[in-house]
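K.L.:
Can you keep this structure in mind? I'll have questions shortly.
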Amino acid sequence: MYVPDLFVLEDRAAAFALMHQYNFALVVSAPGGAVTASHLPVLLDESLGEQGTLMAHMARANPQWRDFEALAAAGQEVMAVFQGAHAYVSPRWYGHDGKAVPTWNYMAVHAYGLPRLVEHGPQSRAHVEHLVATQEAGRPDPWSLDSQSDDYIGSMMRGIVAFEIPIARLEAKAKLSQNKTPEERVGVIAALAEAEDSLARAVSGEMKARGL
């Protein structure tokens, strides 16, 4: 990812927070130069490995997972892309008629690592249980795998492949008008805060939180 020094997100905790919040990621692999990508819920376990571990699963019918063992054996990483809040920025918001062009403010994290399959039945089920518990948390009547018969859940589990990606390195970017003056940023923050788009309002909140 192209990350100018001004936009580098060095705070690992902030990068992890983005990965937790925007956990529907894009998992990309390129065996033999042929790029394949899958949109998947990807959970970060910060306690596993030196830099955390990503946990996910995909349909067994999806051919992408079949390349994972060969990629790992060859030392070839896969990439998970986490797209955070983003929004269009109008030059009108800078409060002057000087030279300026439209741009886009956004946050994103790319996580890289060697993939490994989780073939053991109980471990695969634990992956799915963790995902379900995360998404059902806080609901008045949370659903769980235990609410279904073992036979049914077993048949569903046979249709997926679980995998992990121990994180080897992270690239994190927060492009939030750091290249503008404080006065110009005030206008951007105010305009985004009033937007109907919840992502635009989130960008405004991120800019405020960072004291921009």
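Read-outs: derived from the displayed coordinates by stated rules, not from any lab. Everything quoted here is computed from the prediction, not taken from an experiment. We place every Cβ from the backbone using ideal geometry, glycine too, and count neighbours over all the protein chains shown.
K.L.:
What residue among Tyr88, Tyr112, Tyr152 shows peak mean-square fluctuation when the chain is described by a Gaussian network model with Cα springs under 10 Å?
P.N.:
Largest GNM mean-square fluctuation: Tyr152.
K.L.:
So, one more: Between Gln21 and Asp5, what is 0.36 nm times their sequence separation minus the Cα-Cα distance? Round to one decimal in nm. Let's see the in-between values first.
P.N.:
Values: separation 16, 0.36 × 16 = 5.76 nm, distance 2.44 nm.
Here the segment from Gln21 to Asp5 would lengthen by 3.3 nm.
K.L.:
Ranked highest first by the average count of other Cβ atoms within 10 Å around their residues, in what order do 161-174, 31-44 fall?
P.N.:
On the way: 161-174: 20.2, 31-44: 14.4.
My ranking of the peptides, most packed first, is 161-174, 31-44.
K.L.:
Ok, one more. With the contact rule set at Cα under 8 Å and sequence spacing of 6 or more, what percent relative contact order holds for the chain?
P.N.:
Working: 355 pairs, mean separation 55.4, N = 212.
Contact order relative to length: 26 percent.
K.L.:
How long are the semi-axes of the equivalent ellipsoid of the range 37-121, defined as square roots of 5 times the Cα gyration tensor eigenvalues? Whole Å, largest first.
P.N.:
Values: eigenvalues 297, 40, 31 Å².
So the equivalent ellipsoid measures 39, 14, 12 Å along its semi-axes.
K.L.:
What does the helix-only formula give at 222 nm for the chain: each DSSP H stretch with n ≥ 4 adding -39500 (n - 2.57), the total divided by the residues, and the result rounded to the nearest 500 deg cm²/dmol?
P.N.:
Working: 6 runs with 64 residues, N = 212.
Only helices count here, giving -9000 deg cm²/dmol.
K.L.:
Relative contact order for the range 140-212: what percent, with Cα pairs under 8 Å and sequence separation of 6 or more?
P.N.:
Numbers: 26 pairs, mean separation 15.5, N = 73.
It rounds to 21 percent for the range 140-212.
K.L.:
If we count every other residue with Cβ under 15 angstrom of Phe7's Cβ, Lys/Arg +1 and Asp/Glu -1, where does the sum land?
P.N.:
Details: positive: Lys173, Lys175, Lys180, Arg185, Arg210; negative: Asp5, Glu10, Asp11, Glu171, Glu206.
That sum, taken over residues with Cβ under 15 Å, equals 0.
K.L.:
Moving on to the next point. Just subtract the alpha-carbon distance of Ser47 and Lys99 from 0.36 nm times their residue separation and send over the number in nm, one decimal. Don't jump to the answer; show the numbers that get you there.
P.N.:
On the way: separation 52, 0.36 × 52 = 18.72 nm, distance 4.78 nm.
Going from the current span to full extension adds 13.9 nm.
K.L.:
For the range 135-212, what percent of Cα pairs sit more than 22 Å apart? Each step should come with its number before you reach the end.
P.N.:
Values: 1778 of 3003 pairs.
Cα-Cα pairs of the range 135-212 separated by over 22 Å account for 59 percent.
K.L.:
Alpha carbon centre of the range 115-145 versus the range 60-114: separation in Å?
P.N.:
About 25 Å separates the Cα centre of the range 115-145 from the one of the range 60-114.
K.L.:
May I ask for the angle, rounded to the nearest 10°, between helix 121-136 and the longest principal axis of the chain, with both axes built from Cα atoms and the value confined to 0 to 90°?
P.N.:
Helix 121-136 sits at roughly 40 degrees to that axis.
K.L.:
What does the charge dipole of the chain about its Cα centre add up to, to the nearest 20 debye, if the Cβ of each Lys and Arg holds +1 and the Cβ of each Asp and Glu holds -1?
P.N.:
Numbers: 17 positive and 25 negative charges, 118 e Å.
For the chain, the charge dipole is close to 560 debye.
K.L.:
Can you pull the percent of Cα pairs in the chain with separation above 31 Å?
P.N.:
On the way: 7292 of 22366 pairs.
Across the chain, Cα pairs with separations above 31 Å total 33 percent.
K.L.:
Checking a compactness column here: for the range 1-56, what do you get for Rg(Cα) / (2.2 N^0.38 Å), N being the number of residues? Present the calculation step by step, with values, prior to reporting the outcome.
P.N.:
Details: Rg = 13.4 Å, N = 56, 2.2 N^0.38 = 10.2 Å.
Working it through for the range 1-56, the quotient is 1.32.
K.L.:
Per-residue counts of other Cβ atoms within 10 Å, averaged by peptide: what ranking do you get for 14-22, 116-124, highest first?
P.N.:
On the way: 14-22: 18.6, 116-124: 13.0.
Result, highest mean Cβ count within 10 Å first: 14-22, 116-124.
K.L.:
Gln135 label point, 7 Å along Cα→Cβ, cut-off 17 Å on backbone N: hits in the range 146-177?
P.N.:
Taking a point 7 Å out along Cα→Cβ of Gln135, the residues of the range 146-177 whose backbone N falls under 17 Å are 146-148, 153-154, 156-163.
K.L.:
Relative contact order, percent, of the range 1-51 when contacts are C-alpha pairs under 8 Å separated by at least 6 residues? Let's see the in-between values first.
P.N.:
Numbers: 33 pairs, mean separation 14.3, N = 51.
In percent, rounded to a whole number, it is 28.
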